[in-house]
Amino acid sequence: MTTLKDVAKLANVDVSTVSRALNNSGYVHPQTKKRIMDAVEELSYKPNLLIKGVKKRKKKKYLRNDTIPILIHVWRVSPTH
């Protein structure tokens, strides 16, 4: 299975640059993007959507904003000794 590292090595760029180019999530020079897309095609790179979904869920888990208010509420209503 081809990885982002394989694509990056063939395109002679960093893995983060490959990620930005494939996700359209930041600036990548047009010539660099062409090298990356050529490498993707040459290696028949296909993103592993299962892994991507797992990583996305983990990221969301840590970004929940409702944890602190619940803890404060429990602290305020619990009996004191």
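Read-outs throughout are calculated quantities, based only on the coordinates presented, and are distinct from any laboratory measurement. For clarity, every value in this text was computed on a predicted model and none was experimentally measured.
Brief remarks on what is shown
- Square roots of five times the Cα gyration tensor eigenvalues for the stretch 1-54, Å: 17, 13, 9
- Extension gain for L49 to T2 (0.36 nm times residue separation, less C-alpha to C-alpha distance): 15.6 nm.
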